[in-house]
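Student: Could you have a look at this structure, given as structure tokens, before my questions?
Here, each number is a calculation from the coordinates, and none is a lab measurement. Just so it is clear, the model here is predicted, and its values are computed rather than measured. In this analysis, Cβ positions are derived from the backbone assuming ideal geometry, glycine residues included, and neighbour counts consider all displayed protein chains.
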């Protein structure tokens, strides 16, 4: 049964109103934060949804997108309300380890704290970019070599099978000895985490290139370089993008640990610093920033894949 469009569009507004009512009128088990950031955020969410609905009146594409996003938006606001009930309203989740959303979102309303989070995010982005780009770039080149050259495959695959399963964080002691700065050591660990999945999936894609396509290109006089660049690599692009997704995910997992080995800025450093002072509301705020930060990078990579692999969209759904 198809949902009523009016009810569907009103669901996020009802969820925001319910969350605001819980915040203001449900008796508090734990004193609320004096910051108005949380109710303002709920109001901003409702206003943003109303603006979207107003724009959707003039665009069929926005109307379809609103119908898709309305349940997710409402569910997110209801989750925030449940979070508030479990923490500040009933105390089922004890303070200070489980702060309510009013305390967590108050961090974003504090000028000094939001500045630290912005600086930490920029430092994390720089570290992630250096490690991921170097690791995935080297993994791509090595993967093409191993997938194309039989001798390289013979000697390279046993090395990958031996060293690949070792967690990148296990190399931290060696990285601290090899690199004069903790930034270099951290970038090395992140690069190592993204290196092996990129090598394996790129080599698999290159080795799986259709033999008939290669033979046709050879018949037309293609050189080995042209075979690699114009036949093998385009054919391996689906596997290469899977390798990029896995490499980026591994980089995310390694980033926080890498920032805890002596780096003086970044989201991982911020979390460790806040935890040492038992300011767990700041830890939760940093986790929210990480969620936005990491999902944004993943979404950007999805967009690139959708554009590069347009020819697959009618065959493979993503």
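Student: Rank by packing, highest mean first: peptides 11-21, 50-60, 104-114, 65-75, with packing defined as the count of other Cβ atoms within 10 Å averaged across residues.
Tutor: Ranked from most to least packed, the peptides come out as 11-21, 104-114, 65-75, 50-60.
Student: In whole angstrom, how long is each semi-axis of the equivalent ellipsoid of the range 136-203, when you take the square root of 5 times every eigenvalue of its Cα gyration tensor and sort them from largest down?
Tutor: Working from the Cα gyration tensor, I get semi-axes of 25, 12, 9 Å.
Student: What FRET efficiency would be calculated for the residue pair residue 278, residue 210, taking the C-beta separation as r and a Förster radius of 51 Å, to the nearest 0.05?
Tutor: 0.30
Student: Quick one: in the range 46-190, what % of C-alpha pairs are over 24 Å apart?
Tutor: Counting every Cα pair in the range 46-190, those more than 24 Å apart make up 66 percent.
Student: On to the next question. At 0.36 nm per residue, minus the direct Cα-Cα distance, what do residue 60 and residue 92 gain on full extension? Give it in nm, one decimal, please.
Tutor: 7.1 nm
Student: For the pair residue 264 and residue 141, what calculated FRET efficiency results from E = 1/(1 + (r/R0)^6), where r is the Cβ-Cβ distance and R0 = 35 Å, to the nearest 0.05?
Tutor: Efficiency, from the Cβ-Cβ distance: 0.60.
Student: May I have the extent of the alpha carbons of the chain along their three principal axes, as whole Å values ordered from largest to smallest?
Tutor: On the principal axes, the chain reaches 76, 55, 30 Å in Cα extent.
Student: Working out 0.36 nm times the residue gap between residue 237 and residue 119, then minus their Cα-Cα distance, what length gain in nm do you get to one decimal?
Tutor: Answer, rounded to one decimal: 39.0 nm.
Student: Turning to a different aspect of this structure: Label points 7 Å out from Cα along the Cβ direction at residue 288 and residue 218: separation in nm?
Tutor: Spacing of the two 7 Å Cα→Cβ label points: 6.0 nm.
Student: Taking 0.36 nm per residue of separation and subtracting the Cα-Cα distance, what length does fully extending residue 50 through residue 151 add?
Tutor: 30.2 nm
Student: Starting from the alpha-carbon convex hull of the range 5-101, give the projected area averaged over all orientations, in nm².
Tutor: 6.4
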